[in-house]
Amino acid sequence: MLEIRSLTCGYGAKIVISGISFDVKEGELFGVIGPNGSGKTTLLRALSRVIKPMSGEILLDGKNFQDIPIRDFARGTAVVSQLLPLVEMTVEEFVLLGRTPHFENMQFVESKHDLQIAHQCMALTDTLRLRDKPINHLSGGERQLAQIARALAQEPKLLLLDEPTAHLDITHQVVILDLLRKLVRELKLTVVMVLHDLNLASEYGDRLALMSQGSIHQCGIPTEVIDFSIIEEVYKTVVVLKNNPVSHKPYVFIVPQEELLKDKVRK
Ligand code: ADP
């Protein structure tokens, strides 16, 4: 569905990601991981057309990004960033913003159909109960669910998310990622998400791209990417890798410096 070919992009003359290539298949939950500053958010900005490629190309369903009218692009692709609007609005008003790309010419307010879709998306994300609350009064987890509801109201085929579980407790991490998995499995949505947490990426990603210094270091299923020598090389940190006893997915344990020193003394 998404083909990234020799993509180079950055800001002004500054190159941040350089010559990267990978594909995302339809109905896949695809995770982008990597150390701070490796270019994950910049890649997501390129995929959401916030920044233009300096060279290379991005194809969506075989069509070059630049040839897709922005309105068609906005109908098919939704973005959940870490930013929230500063203006006061209710959750319902916020979710309805997702319908804007579907408005007809000269349509200035939402139709009954728009409201119906917004309510369906709020029900799916368990935010219908919050519909009259100001968006700025929600907890972090509720806000993230409202952001996903707004994105779903766009009725996209592709959903791009920048660290959807940042600053959330484990309950909400699981709620958000279970929801994304359900959307992928049941609605055949394609999801590309940047994740900070290697273990969440390993647990939920169908495939992962590990970025390092603006390039893709490794791309594949979690067992091909979450490998101790690869993680140690990219993150320059000693780790221990075990499998989750329930899901059997790789799980990364960090090792504090003090333990490493004790271990050396013992040897
Ligand atoms: P990550 O998401 O992996 O932490 P980013 O894509 O945010 O990485 O950043 C990669 C590099 O791009 C960093 O060196 C960062 O300073 C630089 N960068 C990010 N945003 C901008 C910007 N708006 N203008 C200039 N440089 C930027």
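Some notes on this structure:
- Scanning segment 12-21 for residues that are over 22 Å from M193 (Cβ atoms), part of a strand (DSSP E or B) and within 8 Å of the ligand (Cβ to nearest atom) returns a single hit, K14.
- Verdict on V184 being closer than 27 Å to S21 by Cβ, assigned to a helix (DSSP H, G or I) and of a type in the set (V, I, T): yes
- Contact annotation: residue pairs with Cβ atoms under 7 Å, 6 or more positions apart or on different chains, pairing a residue in segment 31-44 that is closer than 11 Å to M193 by Cβ and in contact (Cβ under 8 Å) with a residue 24 or more places away in the chain with a partner that is assigned to a loop (DSSP other than H, G, I, E, B) and near the ligand (Cβ under 6 Å from one of its atoms), are K40/G34.
- Failed criterion for V225 (all others in (1) more than 15 Å from the ligand (Cβ to nearest atom); (2) touching a residue at least 24 places away in the same chain (Cβ under 8 Å); (3) within 25 Å of S6 (Cβ to Cβ); (4) surrounded by fewer than 16 Cβ atoms within 10 Å (Cβ to Cβ) hold): (4)
- Qualifying residue in segment 68-82 (condition: free of Cβ contacts under 8 Å to residues at least 12 places away in the same chain, surrounded by fewer than 17 Cβ atoms within 10 Å (Cβ to Cβ), in a loop (DSSP other than H, G, I, E, B) and within 13 Å of the ligand (Cβ to nearest atom)): no
Yes or no, residue by residue, for (1) over 18 Å from the mean Cα position of the chain (by Cα); (2) outside any loop (DSSP other than H, G, I, E, B); (3) under 20 Å from A74 (Cβ atoms):
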| site | (1), (2), (3) |
| --- | --- |
| L115 | yes, yes, yes |
| D126 | yes, no, no |
| N136 | yes, yes, no |
| G141 | no, yes, no |
| A151 | no, yes, yes |
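- Any hit, segment 35-56, residues being part of a strand (DSSP E or B), over 22 Å from R185 (Cα atoms) and away from the ligand (no atom under 16 Å from the Cβ): yes
- Scanning segment 222-258 for residues that are of a type in the set (G, A, S), outside any helix (DSSP H, G or I) and more than 23 Å from the chain's Cα centre (by Cα) turns up nothing.
- Which listed residue, of Q120, Q147, is surrounded by fewer than 19 Cβ atoms within 10 Å (Cβ to Cβ), assigned to a helix (DSSP H, G or I), out of contact with any Phe, Trp or Tyr (no Cβ under 8 Å at 6 or more places or on another chain) and not basic (K, R): Q120
Bear in mind these aren't lab numbers, they're just calculated from the coordinates by the rules spelled out. Please read all numbers here as calculations on a predicted model, not as lab measurements. Quick reminder, even Gly has a Cβ in these numbers, built from the backbone with ideal geometry, and neighbours come from all protein chains shown.
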